[in-house]
Every structure is written in C-alpha cells, then in structure tokens.
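What follows is a set of notes on a single structure, which appears directly below.
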Amino acid sequence: MRAPVRTRFVRLLAAMGLAGALLAPSLAVPARAADTKLVLRVGTTQDLDSINPYQTLLVVGYEVFQLTYNLLVDFGPNLEPVPGFADSWERSADGTSWKFHIRSGMKWSDGQPATAQDACFSWGLALAAIKDEANIGAGYLDPNLKDAGVTKVECPDDQTMIASTTDASDRIFQVYLPIIPKHIWGKMDYKAIGEAKFEAPLVGTGPYTLAEWKTSEYARFVRNPNYWGTQGAADEVVIQFFKTDDTMVQALKAGEIDYARSPNADQLKALQGQPNIRTVVGSANGWTQLAFNEYGASDGKTIKDGGPSTKALLDPAFRDALGYAIDKKLLVERVLGGYGDVGTTVVPPVLGQWHVEPDHPRTFDIALAKQKLDAAGYKLDASGARLDKEGKAISLRLYYPDTDSTYAKAAQFVKDWYGQLGIKVTAQQFDSATLGNIVLPPEAGAEYKANYDIELWGWAGNPDPNALLQIFRCDAIGSSSDSQYCNPEYDKLYDEQTNAKTAAERKTILAQMQNMIYDQAVYDILYYDANLVAYRTDRFAGWQNQPLANGTPLFTYGTLDYTLLTDATAVASPTPAASAASEASATAAPTPAPGTTGGTGDNTALMVGILAAVLVAAGVILAMIFRRRSGGGTGEEE
Amino acid sequence: MSGRYLARQSAQAIFTIVMIVLLNFLLFRMMPGSPDRVNPRNPNVTVEQREAAKARWGLDKPLVPDQLVAFVVATAQGDLGYSMKYQGQPVVEVIGDRFWPTILLIGLAELIAIFVGLTLGAWTGWRRGGLVDRVGNGLSLILYSMPYFVIGMPLIIIFAAGLGWFPTSGMLTAGATYSGPLDFLGDLLAHLALPLATISLGLIGGYSILMRSSITETRNEDYIATARAKGLPDGKILRSHAIPNALLPAVTLIAINLGYVVGGAITAEIVFNWPGLGTLTVDALNSRDYPVLQGIFLFLGVSVVLANFVADIVYGYLDPRVRR
C-alpha cells in the first residue's frame, strides 16, 4: 500500500519540477533585456491625480502636462524666458503690448499644424474665465494671466499672437499655461474643458507626449515625432508611482529606475557614494511656517466658538517675542537631517532675484524672548504659566498636517521651546483636507470657524513671488490665508510691485513687503525645505539642475532637462562590440510582430488562465488525497 | 440537507449584506476630512467654486436622507458611482483593474500557505516535543508574528536590490511591450516571486499552528489508540485517521481567509507596489474617495459573507448536527 502512494508523490514532484523547469528560463530574465527602446524611468511617491492640466493639484500632474504641451514662453536653466510655443517676441514702445511670433512649420504630435490660433484659444479660455470671475477646473493655472495683467489676446495671422497687458511689467513670462490643441478642444468652453476627462494618448507639441496612464502605477510618454527642438536620448519616459519611498529607493539601487524624487534625508545619506548614483540637494521654492491665527487683529471681529484662543496672538509684540524662542538651525539639523536652510522672509532664497534677508533678524535666545514677553505685558503667574492681558494662562493649539513626518517632529521642538517661556502648547495632527477646513474663517462660509491658534504647514510657490505674497493679502482671508492677516498697507505695496516699471523698482517694494511680514511676525518661517533627488548615471548622462546653482533636475519649470539627457552607455563605451551586436539582433527580432500585448485585455485573460491552471492543479491534488483516503480507509478499518 | 436550513442561511447572508451597505455609507462619512477635490489652500479658488465642486458630487445635500437614499438606490441598481480621486472613472472599472492582481497574488499565496502550512502543522503535531516540532513550531510562531513588510523588505533588499534576481516592485515592468505571451508570463512571474514568497511565508504560520494543535488533540483519541493497537504503521495512522479528523477546524479558517482574499494584503502590496485592492483601499482612504471605499468594502463584505455561507453549507453537509 505504501509503494503506490510514494510513487504517486514522486510523480507529482516530478511534474512540479517539470513545471518549474519550464518557468525557469523566463524567470532568468527579470531585467527585460529584450527592450531595445531607451526608456527613462522616473520614480515618485506622488500618485498622479489627473491628466487634465486644469484639474491636477500635484507636481507630478504638472510634469505630465508640461512634457506633453508647451508653454508660450518656456523657462531656461536659470528660470529666464526661453522660446517655447513662441520662438521670439517683442514689446511695444509703451511696454503694454507684446507681439509673440509662433514658430512656423510647427506641428502637433498628430501631424496637424500648430499655429497662433492654438495659443489664442488656450489663453482665450483663461481670459474668458477671468472675465466671469471664475476658474478653469481646479483654478491653479488661469489666474496666471490675471497675475501677469493680461487683458486681451489677438491672433491676426497664424504666426502672430498679440497680448495686451495692464502695465509695462514683464510678468507675462511667468504665465504657466499650457497651449492645448484647438483642433481637439476647440468646441468646448472653459467650463467644459475644466471638467473634461482627458484621455491618453494626448496630442501635444512638447518633447514627449503622454501615451498611456495606468492609474496609480505609471504614466508612459513617447517621443513626439514632430517636436520642434532637440530631443533627449530617451525614446520613452515612464513616470512610476511608488507607495513608499523605501521601495522607490530600492528600485533605484537595483537600477530599475533612473531617478528618484524626494527620498527622505536618511535614504539620501545612504545613497551617497553608491556606485552610479548621484544625489542632489536643491533649494525648494517654498517653506515650512508657523502661521499665527490673527483673526480680527485689523477690525476687531470675533468668531463665535472659534478664532484664536487668546488676544495675545493678535499682538505683533507677542509674536515677535515667540520668534526668539525658536532655534532654526537646530530644526534644520534635527528635523531635515541638515538638508534645508534657516527660514526668514516670505520670498524663498531660490528666487534669488527677489529674496532679501530681514533688516532686523531675530536670533535664538530664550532669555531675551522671556524679557520681551515681560516687557510687552505678558507676565508669569506664580505657577510659572504665562498670562495674557486678560489674566488668562496662555495655552496654544498647534495643528499640523499628516502629509509629512517632519511636521510632527518640528511641532515637538516648538512645543518644548514655547514651554520654556511658560506657554503651554497642545500639538495635534490632522489630515490635510481637515486642517485646510479648520483654518478657514467664516468668510469662506458660515460653517467655518478658524478654530486654531498656530498652524504648522508649508507653501510652495511659482517662479514669480506673487503666488506666495498673495497669501497675506486681505482678500485671501477666506481662501488661502492661514494667518487671517490683513493690512491695507501691505495690499497697496502688493499692487505697486505688480505694476512696477522696472525690476529694480519691484525689488525695492518686495524688500519692504518681506520686511513688513517679518517684523510683524505674521508668520514664523521655520525653514526653507530642500528638494532631495537621487539619480543614476549609468544609463543617462547630461543631468542638469534648474536653477543651475541650487536646483534639481526634472520636476522643475519647463522640460529643458529632459531634452538634455544623453545615452550614458554610448558616451562611456565607444565600441561595445558584443553588446551592440546583441542589441542589433534584438532590434531585428521584434520588428515583424510589435505585439502590443500591453493591453489589459490580454493580461487579464492570461491571469485568469494561470489562476484556472492553479485551481485545476489544486483540485487534482485534493482529489488524489481524497481517493487515497477512501481507497485506503476501507481496507484497513475492517 | 433541508430547504429550511438553506433558506435560513440565505436570509442571514442577505441581511448581513444590507447592513454592510448601510454601514459602508455611514462609517466613511464619519471619518474626519472631505473628498473635496478643490484644495482650500489654493490661493485662487473662490468660495463659490468650492461650493460648486461639492454640488457636483452631491456633497452639498444633507447626509440623511438625501445622500443615503441616492446611494442605496444606486447600489441596488448595481451602480457604484464614480471615483472622486480619479476624476470620474467608474468605480466598477477602478476596482475591476485591481481585482485580478490581488486574486492572483493572495489567492496563490493562500494555496501555497494552506498546502505547506497544513503539512508542516500535521508533521510537527505528530512529532510533538521532537526536534521537528521544536524547529517547525518555532519557525511557525516567528512567521506568524511577523508583519508582511518585515518579511518583504529584507527579501527586496537581498534578492532584488542586492542579488538582482528579481525586480523590486510592481506587477509588470512599467510601460513594457511584450513580444508574446511567454515574454509577458516571464515578466509577471519574476515580479510575482517575492511578494508571493512574502505573503505565503506570512500565512504559513497561522495554518501550521492551528493544524499542530488540532493534530495534537486527535493523537489522544481512542480511534488513534485503536489504530495503533491494530499495528498500523505510524504514517498510515497520521494520513488516514489523524489528518482527516483534524482538518475540520482548518476548513473554517480556510473559508474565512478565502473570503478576505479580495481584501488584499495591504502592507505587502504597499511594500511591493503591487497594483491590487489593498493599495487601492489605502489610496481611497487617503483621498476620502467615498464611492471607491464603498465599492471595495461592499465587495469585501459580500465575499466574506459568501465564503462563510459556503462554509456553513459545507459544514452542514459534513456534520449533520449543525443542520438543525
């Protein structure tokens, strides 16, 4: 009786072995060496939300549309204006009108001619929205035209677009608005386009156009055959979305991706010195701040069951004193792992042209902070608690979002430092959507109460400082303002710098504004974050930072860096005879059958097939067990 | 089996599913946060626009009854709605895309774990106190107590990033085109190896420990003593008398676990970037994508109820006592 069971088992093992042997050869090629295309693989932990440029809220969404579409005027290595959809431009004598020359002979990726009509259509959409005091989609792109003071566009012929502006500034170069094809979207108005579902493949004039979007997996771009400029070495660009940065970093180490966006400080340190990997620490165009709730400081308004918990927050002297209790150097060291810069004014240093350091900087000095609080009338009581002018112990609610672990760390430091001043801090974490709603005042709707004292969060800006400066305007209360700060004098300066005739004049006003926000301690900017990036150098060369001095490659403004990439293997080994030969043969093979097995239909069928096979195998095993049971059982139980 | 037994079981199952539908709706809306896609931190968005965005998703109406009724009516018609995160992709499509990857990964892992785990458990239980037991049971306990990411990350570091035998993550090479089904299959299997190993290893412990205790109990039964007295060989007693009787508790565990297969293994899927239902659940939770969350949990709930229903029926078939 034992023998047959044994043999059956052996037979099963043999069958499994055979199956294993069949699978083995395919398992031996994990790297998919068969791909002859040169694919640039980019890793990010952001998950693309939309390929409609007017809908996306994420940096990765911007990358998708700027690879696919051109801006009218693109951004150069140092954010200077360079030709994009337009190849040249001239300004009218009075400076309020611009004539853009659209490059002749340009074509969309589908072969249709790309003309000034497309540019007029795209800018016209935004102008129509501005006229209605509305926005396209999520409302991030079209206000660019308003900020630039553009009032009208005309296209007298296919090669010319004329834009009129309210003033003689050159903010028109900052307009971050993709030119989309009129022959595809022309029948829709801005409302419909804002809501429209864009579908891959997209038609664009950019260096690579989106060919495929597999939600939460990857976005694949192919070379635009009709691109007007020099193209990068990559035949395709694949942006892969990772769930954790740990896995992304391992994929970079394994050579599966060429670029990893935003590994954390520890991971970046571990990657330094690895073979073929280079790390970059760039300055981010943004900061992390403590935003004090100053609701009612200018007009005495209060919120029932909401608003700041103490009037002390409305007092610039109180906020100023708090500023001396923050050791920003230590924060950069401990919270950012040393990657970042001490924060001061509201225009980040990466916008070097516009940034100024404060005239009256605060330094870390707890004793001085205490002294200033005492002097401003905030005394300690017998138990060591700091009292406000109403005689109530000051206890501040510090809220921060869960989007980044650095916020929680920074909050603990702040809690400790303020504690040393006799000010109790309750730190609490929220998901970003909730926090966004908590800080909104009734101006945004009756249900909002601005019920917080300090918000620890960050902002990221545009190449133009206006986006960040706007947050402090009176009319931002109810939308972007998280300090509820209102100062008509600031608003006046804002308008003046917007209409400044020269850059020097603008800079003077901007310096005034930066000092105003700093001196009144509207915000306490803790640090300017760093952009951390790691990339491989064994497949692609020519990585270039933007800005050159303190930026990073990719995920920047414009797509110049993609077009500068070269094939590292071609440069490094001039005569790779063997590999070239094998590559050549590999190229020849797949041509007859391009087999677009990429489609999901085939994959699903195959997976069902595999599953069915496994189920059948399991069934056979079970059947064997049961047969053995019934067959053997009766024999012995007699 | 009586018709009444079947009817009672079915009624129970249907009642449970209805409760799941209602709970799904309310639970997610009790979470703080909003699926409001319009970011309040966008400096350019007006109050009116945020209201309009809410209206688009029906979020401006009262939760009960308006939103609830609309949801129940739609669900009853098989309409699960549209994803808020992915700009209006139908939920059925979103879930459908993630269904097969999860079934493939978790289903295969369950099969391997059941087979290996039960065998290991039977063996260690039979040799209780011996070297096999100490090593086998110790190993089971270690694996049982390890979260998937603790098993998975070292596998990635060693076999993917280190030795380069397998890809680190994903189900297929992103954006690849294949020259044929074999090419595709090879790519899939290479990507499958590490996550499959991780989840199998993680599941083996549970099955093994259960089977071990179950076998240990049957060892002391009279019929085992009888078989021994008859002079049956040891292996024969294990296979023909101990295992079949010890399998009953395992059937319950298997049935319950199979119901959860569609839930995916969240931590494992995340570590390996596997495009399954587990990662979808996390994404949907993070973005408060109510329709997708409702869809997933409805699907998961129904699967668990069905698996238990089937287990009940099978039990009734195996053991006449429960049929009453």
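The values are calculated or read from the model by the stated rules, or taken from the named source; none is laboratory data. All values derive from a computational prediction rather than experimental measurement. Positions of Cβ are backbone-derived with ideal geometry, glycine not excepted, and every protein chain shown enters the neighbour counts. Quick note on the areas: whole protein, heavy atoms, side chains included, nothing else; ligands and nucleic acids left out. Shrake-Rupley method; radii C 1.70, N 1.55, O 1.52, S 1.80 Å.
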In sequence order, what are the phi-derived ³J(HN,Hα) couplings for region A:192-199 according to the Karplus relation 6.51 cos²θ - 1.76 cosθ + 1.60 with θ = phi - 60°, rounded to whole Hz, with x for glycine and proline?
-> 5, 5, x, 9, 5, 8, 6, 10
What is the packing order of peptides A:493-506, B:185-198, taking the mean over residues of other C-beta atoms within 10 Å and listing the highest first?
-> B:185-198, A:493-506
Cβ-derived FRET efficiency at R0 41 Å, B:M31 paired with A:T502, nearest 0.05 | 0.20
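Pairs of alpha-carbon atoms within less than 8 angstrom and 6+ residues apart define the contacts here; what relative contact order does chain B have, in percent?
Numbers: 381 pairs, mean separation 92.1, N = 324.
Contact order relative to length: 28 percent.
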Spin-label zone in region A:506-532 - amide nitrogen under 15 Å from a point set 7 Å from the Cα of A:Q353 along the C-beta vector | A:506-511
Taking a ≥ b ≥ c as the square roots of the Cα gyration tensor eigenvalues, with a/c under 1.5 meaning rounded and otherwise prolate when a/b beats b/c or oblate if not, region A:286-529 comes out rounded
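What average count of beta carbons from other chains do you get within 10 Å of the Cβ of residues in B:252-263?
Numbers: counts 0, 0, 0, 0, 0, 0, 0, 0, 0, 0, 0, 0.
Per-residue shielding by partner chains comes out at 0.
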Which sequence of B:R219, A:R220, A:R91, A:R278 reflects their accessible areas, 1.4 Å probe, from the largest down?
-> A:R278, A:R91, B:R219, A:R220
Which of the aspartates and glutamates could a cross-linker bridge to B:K85, judged by Cα under 13 Å and excluding same-chain residues fewer than eight apart?
-> A:D47, A:D49, B:D36, B:D283, B:D289
Using Cα positions and a limit of under 17 Å, work out the aspartates and glutamates in reach of A:K131, with same-chain residues fewer than 8 apart set aside.
-> A:D142, A:D147, A:E154, A:D189, B:E48
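Report, in listed order, any pair from A:K197/A:K449; A:K372/A:K424; A:K424/A:K449; A:K304/A:K328; A:K191/B:K61 with a Cα-Cα distance greater than 27 Å. Mind showing how you got there, number by number?
Numbers: A:K197/A:K449 35 Å; A:K372/A:K424 18 Å; A:K424/A:K449 22 Å; A:K304/A:K328 35 Å; A:K191/B:K61 23 Å.
Listed pairs above 27 Å: A:K197/A:K449; A:K304/A:K328.
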Whole-angstrom gap from region A:88-112 to region A:390-448, using each part's C-alpha centre | 48
Note every residue of region B:166-200 with a reduction of at least 50 square angstrom in accessible area, all protein chains present versus the isolated chain, computed with a 1.4 Å probe, or write none.
-> B:T168, B:A174, B:G175, B:T177, B:Y178, B:F184, B:L189
Between chains A and B, what is the buried accessible area summed over both chains (1.4 Å probe, protein heavy atoms, nearest 100 Å²)?
-> 6800
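Add +1 for every Lys or Arg and -1 for every Asp or Glu among the other residues with Cβ under 13 Å from the Cβ of A:I454, and state the total. Provide the component values of the computation, followed by the final result.
Working: positive: A:R319, A:R397, A:K415, A:K424; negative: A:E294, A:D453, A:E455, A:D482, A:D524.
Result for the neighbourhood of A:I454: -1.
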Globularity index of the protein assembly as shown, i.e. its alpha-carbon radius of gyration over 2.2 N^0.38 Å | 1.08
Would you list which aspartates and glutamates come within 14 Å of A:K492, measuring only between C-alpha atoms, while excluding same-chain residues fewer than 8 positions from it?
-> A:D475
Sulfur and carbon atoms: percent of accessible area, the protein assembly as shown [1.4 Å] | 60
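Per residue of A:214-224, how many C-beta atoms from partner chains lie within 10 Å of its own C-beta, taken as a mean? Write down the numbers at each step before the final one.
Working: counts 5, 12, 10, 11, 6, 2, 4, 1, 1, 0, 0.
Taking all residues of A:214-224 together, the mean is 5.
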Sequence order, region B:275-290: Karplus ³J(HN,Hα) from phi using 6.51 cos²θ - 1.76 cosθ + 1.60, θ = phi - 60°, Hz rounded, Gly and Pro as x, gives x, x, 6, x, 5, 4, 4, 5, 4, 5, 5, 4, 9, 6, 7, 3
Rg/Rh for region A:70-191, where both radii come from Cα atoms and Rh is the Kirkwood radius | 0.94
Relative contact order (%) - criterion: Cα under 8 Å, at least six apart; region: region A:70-191 = 30
What residues from region B:282-297 fall in the zone where the backbone N is under 18 Å from a label point 7 Å along the Cα-to-C-beta line of B:L23?
-> B:293-297
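Before anything else, pin down the relative contact order of region A:286-529: Cα pairs under 8 Å, at least 6 apart, normalised by residue count, whole percent. Let's see the in-between values first.
Numbers: 474 pairs, mean separation 83.1, N = 244.
It rounds to 34 percent for region A:286-529.
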So how much accessible area does A:C474 have, in Å² to the nearest 10, using a 1.4 Å probe?
-> 30
In this structure, the FRET efficiency calculated for A:A385 and A:A270 from their beta-carbon separation, with R0 = 56 Å, to the nearest 0.05, is 0.80
Integer Hz, Karplus 6.51/-1.76/1.60 couplings in order for region A:491-498, x for Gly and Pro | 4, 5, 4, 4, 5, 5, 5, 4
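Leaving out ligands and nucleic acids, and using a 1.4 Å probe, what accessible area per residue does region A:70-191 come to in Å²? Don't skip to the answer; put the middle values down first.
Details: 4860 Å² over 122 residues.
Accessible area per residue: 40 Å².
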Counting only backbone N atoms under 18 Å from a point 7 Å out along Cα-to-Cβ of A:E447, the residues of region B:2-31 in range are B:25-31
Please identify, among B:P62, B:P167, B:P147, the residue showing maximal mean-square fluctuation in a Gaussian network model of chain B using a 10 angstrom Cα cutoff.
-> B:P62
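Largest first, what is the accessible-area ranking of B:L201, B:L139 with a 1.4 Å probe? All intermediate terms of the calculation are to be shown ahead of the outcome.
Numbers: B:L201 60, B:L139 95 Å².
Result of the area sort, largest leading: B:L139, B:L201.
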How far is it, in nm, from the label point at B:E221 to the one at A:E489 when both lie 7 Å from their Cα along the line to the Cβ?
-> 9.0
For A:L565, other-chain or 5+-apart residues with amide H closer than 5 Å (H placed, Pro excluded) are A:A233
Taking a crude spin-label model, label points 7 Å out from Cα along the C-beta direction, the B:V116 to B:V135 distance in nm is 1.6
In the full protein assembly as shown, how much of B:F15 is accessible to a 1.4 Å probe, in Å² to the nearest 10?
-> 130
Would you mind working out the accessible area per residue for region A:286-529, using a 1.4 Å probe, and quoting it in Å²?
-> 38
Compare B:R128, A:R41 by solvent-accessible area with a 1.4 Å probe and give them largest first, with all protein chains kept in place.
-> B:R128, A:R41
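Please grab the % of Cα pairs in chain B that end up more than 27 Å from each other.
So the pairs more than 27 Å apart make up 58 percent of the total in chain B.
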Heavy-atom accessible area per residue of region B:214-324, all protein chains kept, 1.4 Å probe, expressed in Å², is 43
Quick one: accessible surface of B:W126, probe radius 1.4 Å, all protein chains present, in square angstrom to the nearest 10.
-> 20
